Amino acid sequence: MSGLIGKKIGMTSIFDASGKQQPCTVIEAGPCVVTQIKTPEKDGYSAIQLAFEEMKETKTTKPMKGHFAKAQTTPKRHLAEFSRFEEGEQKSYGEVLTCNVFSEGEFVDVVGISKGKGFQGVVRRHGFGGVGDQTHGQDDRLRAPGSVGASSYPSRVFKGMRMAGQMGNHRVKVQNLRILKIFEEKNLILVKGSVPGPKGSILKLERWS
């Protein structure tokens, strides 16, 4: 299987075989249930849908109850599709996948939603240095964006101009993170470095390609 759905637990550090301290992120990966198998004949493409984290049946819609009943599983909170498979791999409805689909030392891509920072100015959002020093009467220009374009031409602001606005809360994919340690009994995976999102956020782990 090419990946799993997981939850960010937090960050810590461990020592490798050489005694070097390695910063890592702890991810609860699985258990995930196969809730749908998509085929080119029926859906136009191949993919496997996984479900993660229990949800109360009273908070599940009637169509989704039927969807989970087909896989003979209880309602789940999060769904995700994975389209990359190993050659000859076969999955069945209701099959449970755990963190043992990965192995220590291999590399994964981690997809998540970054922390939302709200509306931010150009200094924090883009690293601008401001217009200049606070001299010659410039009492309010320290964090200003400066000029955004000429007047007569183009008489407008170009698309993509770096300006103040919403920062964070975007889908971010961090590639090529090495798995340092796997605790199968607790479904925990330790990946080197940081991943997007706050503690408790949902992540999608995919085998690096």
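If you rank Thr35, Thr98, Thr12 by how much accessible surface each has, with a 1.4 Å probe, what is the order from largest down? Please list the in-between numbers first.
Numbers: Thr35 0, Thr98 40, Thr12 65 Å².
In descending accessible area the options line up as Thr12, Thr98, Thr35.
Within 10 Å, at most 15 other Cβ atoms, and a DSSP state outside H, G, I, E, B define an exposed site. Report the longest part of the chain free of exposed trypsin sites (Lys or Arg not before Pro). Before the final figure, lay out the partial values.
Numbers: sites that count: Lys20, Lys42, Lys56, Arg84, Lys91, Lys115, Lys117, Arg141, Arg143, Arg156, Lys159, Arg162, Lys199.
Excluding the exposed sites themselves, the longest stretch runs over 163-198.
Calculate what fraction, in whole %, of the accessible area of segment 12-139 sits on carbon and sulfur atoms when a 1.4 Å probe is rolled over the protein chains.
Working: 3850 of 7730 Å².
Of all accessible area on segment 12-139, carbon and sulfur atoms account for 50 percent.
What figure, in Å² to the nearest 10, do you get for the accessible area of Met55 with a 1.4 Å probe and non-protein molecules left out?
The accessible area of Met55 comes to roughly 40 Å².
So what's the net charge close to Val191: Lys and Arg +1, Asp and Glu -1, counting the other residues with Cβ under 14 Å from its Cβ? Provide the component values of the computation, followed by the final result.
Values: positive: Lys7, Lys8, Lys173, Arg178, Lys181, Lys192, Lys204, Arg207; negative: Asp16, Glu28, Glu104, Glu106, Asp109, Glu206.
With Lys, Arg at +1 and Asp, Glu at -1, the net is +2.
Tell me the mean residue ellipticity at 222 nm calculated for the chain from its helices only (DSSP H runs of n ≥ 4, each -39500 (n - 2.57), averaged over every residue, nearest 500).
Numbers: 2 runs with 14 residues, N = 209.
Helices in the chain give a 222 nm mean residue ellipticity of -1500 deg cm²/dmol.
Among the chymotrypsin sites (Phe, Trp or Tyr not before Pro) within segment 21-93, which fall in a DSSP loop and have no more than 10 other Cβ atoms within 10 Å of their own Cβ? Let's see the in-between values first.
Numbers: sites: Tyr45, Phe52, Phe68, Phe82, Phe85, Tyr93; in loops: Tyr45, Phe85, Tyr93.
Those that pass, being in a loop and sparsely packed, are Tyr45.
Quick one: longest stretch of the chain between exposed loop GluC sites (Glu not before Pro), exposed meaning at most 15 other C-beta atoms within 10 Å and loop per DSSP? Spell out each step's value before the answer.
Numbers: sites that count: Glu41, Glu86, Glu87, Glu89, Glu104, Glu106.
With GluC sites (Glu not before Pro) excluded where exposed in loops, the chain gives 107-209 as its longest stretch.
Using only the alpha carbon atoms of the chain, find the Kirkwood hydrodynamic radius as the inverse mean reciprocal pair distance, in angstroms to one decimal. The partial results should precede the final answer.
Values: mean 1/r = 0.0489 Å⁻¹.
Result for the chain stands at 20.4 Å.
Quick one: accessible area per residue over the chain, 1.4 Å probe, rounded to a whole number of Å²? Working shown, then result.
Numbers: 12760 Å² over 209 residues.
Roughly 61 Å² per residue, with all protein chains present.
The values are calculated or read from the model by the stated rules, or taken from the named source; none is laboratory data. Quantities reported herein were computed from a predicted structural model and do not represent experimental measurements. Cβ atoms come from the backbone with ideal geometry, glycine included; neighbour counts cover every protein chain shown. When the accessible area is computed, the model is the full protein with side chains, heavy atoms only, and any ligands, DNA or RNA have been set aside. Shrake-Rupley method; radii C 1.70, N 1.55, O 1.52, S 1.80 Å.
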